[in-house]
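Everything on this sheet refers to the single structure shown next.
The values are calculated or read from the model by the stated rules, or taken from the named source; none is laboratory data. Please read all numbers here as calculations on a predicted model, not as lab measurements. Glycine also receives a Cβ, built like all others from the backbone with ideal geometry; neighbour counts cover every protein chain displayed. These area figures cover heavy atoms from the full protein model, side chains too; ligands, DNA and RNA do not enter into them. Shrake-Rupley method; radii C 1.70, N 1.55, O 1.52, S 1.80 Å.
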Amino acid sequence: LTAPRDTAFGAFFFNDTGDSSNTELVDRFVDYMGIDTSKQNAYIDSSMSYSENGVEFDSYIDLEKAMASITANDVDVIVGDADTIDYFTKCDCLGNITDILPEDLLQTYQDRLYYAETGSGESIPVGIDVSDAPKLNEYYYYVDKEPVFSFIINSDKTENAIAFLRYIYMEDSQSSF
């Protein structure tokens, strides 16, 4: 009853290699942003998995959880491998990066845009290859993988999601006060 009901930032990390119980990345992001966690929630759920083959039962549960969170407007970012991003793009859950990112970030990431096919068959840029993001590497989230960072289409906290993208590329000296 006393937990915050409003989410300032929510992310699902699919098929990552990090420790799903480690909250240090989101805790440091919360500090960096000055989010008052007594009033707003912030989280990274890195326990999510998706298998294109659908052979893992947990994948179905995670997809149900993700879709419910997207519908409830409680998640802003999905990071995952190409198969995961392709799945969510076909469900029309991910936004066009060129409509979301400010011009400076579009210039920075233009060579790393990830294109996927929407449910209507259109190929659009829906993600950014973030395999070289220092903070993801620091916490071993995607060791020997090529993660794609994408924005949920109905997020009303896009500014915080963009701030998180900037944050994962900061070196430690840039992210402390």
Does Ile128 satisfy the condition of being of a type outside the set (Gly, Ala, Ser), under 24 Å from Asp144 (Cβ atoms) and assigned to a strand (DSSP E or B)?
yes
I'd like to check which strands (runs of 3 or more DSSP E) are fully inside the stretch 2-118 and have at least 2 residues that are within 21 Å of Tyr141 (Cβ to Cβ) and at pLDDT below 95.
6-14, 40-48
How do the pairs read when you match residues in the stretch 60-80 that are of a type outside the set (S, T, N, Q) with residues anywhere that are modelled with pLDDT under 90 and open to solvent by 50 Å² or more (accessible area, probe 1.4 Å), using Cβ under 8 Å and keeping only pairs 6 or more apart or on different chains?
Asp62/Ser47
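Take Tyr167 and decide whether it is open to solvent by less than 80 Å² (accessible area, probe 1.4 Å), among the aromatic types (Phe, Trp, Tyr), at pLDDT 95 or above and not in a loop (DSSP other than H, G, I, E, B).
Values: open to solvent by less than 80 Å² (accessible area, probe 1.4 Å): yes; among the aromatic types (Phe, Trp, Tyr): yes; at pLDDT 95 or above: yes; not in a loop (DSSP other than H, G, I, E, B): yes.
For Tyr167, the condition - open to solvent by less than 80 Å² (accessible area, probe 1.4 Å), among the aromatic types (Phe, Trp, Tyr), at pLDDT 95 or above and not in a loop (DSSP other than H, G, I, E, B) - is met.
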Can you name every residue in the stretch 103-128 that is under 12 Å from Tyr169 (Cα atoms) and under 17 Å from the mean Cα position of the chain (by Cα)?
Leu105, Tyr109
Write out, first by first residue and then by second, each pair whose Cβ atoms fall under 8 Å of each other, whose residues are 6+ apart or on separate chains, and whose first residue, in the stretch 97-118, is farther than 16 Å from Ala163 by Cα and of a type in the set (Val, Ile, Thr) while the second is in a helix (DSSP H, G or I) and open to solvent by 80 Å² or more (accessible area, probe 1.4 Å).
Thr118/Lys90
What's the number of the only condition in (1) open to solvent by 40 Å² or more (accessible area, probe 1.4 Å); (2) at negative phi; (3) touching a Ser or Thr at 6+ places or on another chain (Cβ under 7 Å) that Asp62 fails to meet?
(1)
